[in-house]
Amino acid sequence: MTPRYDILLFDADNTLFDFSLAERNAFRETAERVGLPLTEELFRAYSEINAGLWKRLECGGIGIEELKIERFRRLLLLTGRPDDGETLSDAAFLRDVYMEALSLQTCLVDGAEEVCRRLARDYALYIITNGISMIQRGRFGRSVLKPYFRGMFVSEEIGVQKPRREYFDAVFSALGNPPKERVLVIGDSLTSDCDGAIAYGLDICRFDPKNEGDGGRTLTYTVHTLSGIPDLLRERLP
């Protein structure tokens, strides 16, 4: 029987790539290189600052270039640094060191390679990601997942982020405007992935490893492990 979908659009971070681990590794390498105190409290502070700024980016409340440096400016202020030009300059240096370190991180979510290998036999796989181009393409280019994907759509290159309609417009235009009912989005984020897919009229499979629920949304599918996706799609054959 013919599969229900032709195209699977995978989110990258914390869907296929273990971003939480990658972030921690890159922060450790950055702190060691520049002499920041390598404490759990400082890492948690950075992670919270970063996550909050990315949420603002999704809503259009900050630009990507400002985000890259603002997260480190705020972090330095927490260490007692004054809010001056020297701190801003040091934040820019931290930005560069961290982005290079993060671009080398290729750690995956459990099961990602095997699932992508299986799915690539029957579907066209693409990555849709909010992120910084040099980081996302650097990680993807070094990853064992690369052979299974036909392309990657990075928000920084498109100029808008998921969940905005313009992001999905750009993706669909590049794919030749396939029928929406033949495309499935797979991702972990209720806002960027689920809200974006639902608003655009696409089916969504939410990857929910922590069993956090749907937040009141009507989702097409939910899986708690990546290994559940091939069987789910096989069961949903028309």
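The values are calculated or read from the model by the stated rules, or taken from the named source; none is laboratory data. These numbers come from a predicted model, not from an experiment. Note that we place each Cβ from the backbone using ideal geometry, even for glycine, and neighbour counts take in every protein chain shown.
Name the residue that is surrounded by the most Cβ atoms within 10 Å (Cβ to Cβ), counting only residues in the range 196-212 that are part of a helix (DSSP H, G or I) and of a type in the set (Gly, Ala, Ser). So, considering only residues that are part of a helix (DSSP H, G or I) and of a type in the set (Gly, Ala, Ser), the one surrounded by the most Cβ atoms within 10 Å (Cβ to Cβ) is Ala197. So how many residues does the range 84-110 have that are in contact (Cβ under 8 Å) with a residue 24 or more places away in the chain, touching a Leu at 6+ places or on another chain (Cβ under 9 Å) and of a type in the set (A, V, I, L, M)? So the answer is 3. When Ile7 is tested against (1) surrounded by 18 or more Cβ atoms within 10 Å (Cβ to Cβ); (2) out of contact with any Pro (no Cβ under 7 Å at 6 or more places or on another chain); (3) in contact (Cβ under 8 Å) with a residue 40 or more places away in the chain, only condition (2) is not met. Among the residues making up the range 109-145, those that are more than 27 Å from Arg164 (Cβ to Cβ) and in a helix (DSSP H, G or I) are Glu113, Glu114, Val115, Arg117, Arg118, Arg142.
The single condition among (1) touching a residue at least 24 places away in the same chain (Cβ under 8 Å); (2) part of a helix (DSSP H, G or I); (3) crowded, with 16+ Cβ neighbours inside 10 Å that Ala45 does not satisfy is (3).
Residues in the range 31-64 that are within 20 Å of the chain's Cα centre (by Cα) and among the basic types (Lys, Arg): Arg44, Lys55, Arg56. Taken as a whole, the range 57-65 holds at least one residue that is surrounded by 14 or more Cβ atoms within 10 Å (Cβ to Cβ), outside the structural domain of Thr129 (by TED's automatic domain parsing) and in a loop (DSSP other than H, G, I, E, B).
Results for (1) buried (at least 19 other Cβ atoms within 10 Å of the Cβ); (2) outside the structural domain of Lys55 (by TED's automatic domain parsing); (3) touching a Ser or Thr at 6+ places or on another chain (Cβ under 8 Å), shown as yes or no for each residue.
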{"site": "Pro147", "(1), (2), (3)": "no, yes, no"}
{"site": "Val171", "(1), (2), (3)": "yes, yes, no"}
{"site": "Gly176", "(1), (2), (3)": "no, yes, no"}
{"site": "Val183", "(1), (2), (3)": "yes, yes, no"}
{"site": "Ile186", "(1), (2), (3)": "yes, yes, yes"}
{"site": "Cys194", "(1), (2), (3)": "yes, yes, no"}
{"site": "Asp214", "(1), (2), (3)": "no, yes, yes"}
{"site": "Gly228", "(1), (2), (3)": "no, yes, no"}
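When the test is whether a residue is surrounded by 15 or more Cβ atoms within 10 Å (Cβ to Cβ), assigned to a loop (DSSP other than H, G, I, E, B) and not small (Gly, Ala, Ser), Thr30 does not pass it.
Could you run through the range 73-83 and say how many residues are closer than 26 Å to Leu21 by Cβ and either touching a residue at least 60 places away in the same chain (Cβ under 8 Å) or surrounded by fewer than 14 Cβ atoms within 10 Å (Cβ to Cβ) (or both)?
Number of matching residues: 2.
Just wondering, is there one or more residues in the range 86-108 that are among the small types (Gly, Ala, Ser), over 23 Å from the mean Cα position of the chain (by Cα) and surrounded by fewer than 19 Cβ atoms within 10 Å (Cβ to Cβ)? Yes: one or more hits. Does Phe93 qualify as being in contact with a helix residue (DSSP H, G or I) (Cβ under 6 Å, 6 or more places away or on another chain), among the aromatic types (Phe, Trp, Tyr) and not in a loop (DSSP other than H, G, I, E, B)? Against the criterion (in contact with a helix residue (DSSP H, G or I) (Cβ under 6 Å, 6 or more places away or on another chain), among the aromatic types (Phe, Trp, Tyr) and not in a loop (DSSP other than H, G, I, E, B)), Phe93 does not qualify.
Output the residues belonging to the range 159-192 that are closer than 19 Å to Phe17 by Cα and either without any contact (Cβ under 8 Å) to a residue 60 or more places away in the chain or within 16 Å of the chain's Cα centre (by Cα) (or both). Across the range 159-192, the qualifying residues are Gln161, Lys162, Val185, Ile186, Gly187, Asp188, Ser189, Leu190, Thr191, Ser192.
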